[in-house]
Amino acid sequence: MSGISLLFAGLIVLNYNSIDALRIQSSRILRYSLRMSTESDIIPKTLNPREERRRILKTENYNRMGFKEEKQDVKAMMTKEFTSPLVAELRANGGVITRGDVTVKLAEFYGFCWGVERAIAMAYEARSHFPDKTIHITNEIIHNPQVNERLLEMDVKFMDGKKGKDYSVVNSGDVVILPAFGATIQEMQLLDEKKVQIVDTTCPWVSKVWNAVDSHRAAGQTSVIHGKYSHEETIATASFCEEYIIVKDMEEAQYVANYIANGGDKEEFMRKFKNAVSAGFDPDKHLTKIGLANQTTMYKRETKEIGRLLEVTMLKKYGPADLAQHYAEFDTICDATQERQDAVTDLVAHKDLAFVLVVGGFDSSNTAHLKEIPHKFGVESFHIDRAERILPDNSIQHRTIEGEVVVTKDFLKKGPITIGVTSGASTPDKSMEDALERIFLIHKLL
């Protein structure tokens, strides 16, 4: 056995297939689909989703504040599980440390945001507060494999089913956690009817977006949502809209803007957005008055560019005097998302970086956008979801911009190197420490 293999003995070293198998296990929850389970489909669409949510918020079985008596113990537990002495040392040293020939530069903002910490704490508190109750969660609490695996260990049951979430397993008196991404109004109605204890960890920034689309609804505007139509948060947001269309990037936004300005092939339009529009959507009818909203984890600069594009398009079509009647925009970009993106932009300005290590869930939208920034600036980067992706043979399994998981061999070079590091808003500091410790160890043995 080689020296490097011996030094890694006793560590959890997973091969490519076993890591993916573990990730699949922890992500057993089927991704939100636009079609809910049959049972939830029978819940009628409320005329005013925001008011319906407010009604549910006031019920005795609804909790969105956590459990005060559990907070101190849960805080201690999270500190033990998620914090990192190495990251603390990085912060104390102005974001730079050197180990052997490896210098690490840390992005100014990184890792857990307040909304994510709040969601995890509430889930932990719920488990402690209801030790004998069956607890379900409607989806991953956040997009981080280690955190979701921890909830599985706590016997929190993730909803799954071949055709959607299976709410038939939820019984009156059970506890149901709503994740940080939120849940659709139809899900909330169903859980309210089932008389379960709801623990709502929805991030307040997501709720802010729901308020924005409710303003669109009240003004008779179609919500143009910058997001991914299959993402849990965007689906939840769409459920609070009257009419909506979801655009994932500037290219799709330009297609919509061109249709608004010049018309086009309606059938082609509907084929292109068949999975990303409200029922009965008609582009000739529903794009005359629009409002912009966004999935909170999208790339901030692109959201702003889409907003400018749509505003100019409506200005040219309807004139400055009537612009306010045809276009609305609220600032719903999450502060934490923006800070982390700006910090990576600043990080890649350092010309001496061999690469940027991005740590966070492969299905984490905010982490994927952090990966895009060094790519835009021509800086090599590796997006990993756990330290075990860094293997003893000096290879790294990482997610590309296109979403494919690939292997790069000999990713660390001999001699002095400087690397940048950041992590997504759903990533514990401990995950970043574990990854860096592997890099230090491998590089030492090159």
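If I fit a long axis through the Cα atoms of helix 429-444 and take the longest principal axis of the Cα atoms of the chain, what angle between them do I get, 0 to 90°, rounded to 10? The helix 429-444 is inclined about 40 degrees to the chain.
With respect to the chain, whose longest principal axis is taken over its alpha-carbon atoms, helix 71-82 is tilted by about 50°. Within the accessible area of the chain, what % is carbon and sulfur when the probe is 1.4 Å and the other protein chains stay in place? In the chain, the share of accessible area belonging to carbon and sulfur is 50 percent.
Compared with the alpha-carbon gap, the fully stretched path from Leu445 to Glu153 is longer by 101.6 nm at 0.36 nm per residue. Among the listed pairs Lys248/Lys300; Lys68/Lys194; Lys289/Lys316; Lys80/Lys371; Lys105/Lys371; Lys266/Lys304, those whose Cα-Cα separation exceeds 18 Å are Lys68/Lys194; Lys80/Lys371; Lys266/Lys304. Which one of Tyr244, Cys203, Leu190 has its Cα pushed farthest toward the positive end of the charge dipole of the range 151-268, where Lys and Arg give +1 and Asp and Glu give -1 at the Cβ? Of the listed residues, the answer is Leu190.
Treating the angle as unsigned and between 0 and 90°, give the value, to the nearest 10°, between the Cα long axis of helix 114-129 and the longest Cα principal axis of the chain. Tilt relative to the chain: about 90 degrees. In plain terms, the chain from Gln325 to Val406 could stretch by 24.3 nm, reckoned as 0.36 nm per residue minus the Cα-Cα distance. Protein heavy-atom accessible surface, 1.4 Å probe, per residue over the range 135-262: 30 Å². Dimensions of the chain based on its C-alpha atoms, expressed as ranges along the principal axes with the largest first, amount to 67, 56, 38 Å. Over every Cα atom in the range 187-312, the radius of gyration and the widest Cα-Cα span, Dmax, amount to 15.1, 51 Å. For the range 298-424, the alpha carbon positions stretch 65, 28, 22 Å along the principal axes, listed from largest to smallest. Can you work out the FRET efficiency for the pair Val96 and Lys71, with r the C-beta to C-beta distance and R0 = 45 Å, to the nearest 0.05? The pair Val96/Lys71 has a calculated efficiency of 0.85.
The values are calculated or read from the model by the stated rules, or taken from the named source; none is laboratory data. In this text the structure is predicted, and so the values were computed from the model without any measurement. Note that each Cβ is placed from the backbone with ideal geometry, even for glycine, and that neighbours are counted across all protein chains shown. Ligands, DNA and RNA are stripped out before the accessible areas are found, and what is left, the full protein with its side chains, is counted by its heavy atoms. Shrake-Rupley method; radii C 1.70, N 1.55, O 1.52, S 1.80 Å.
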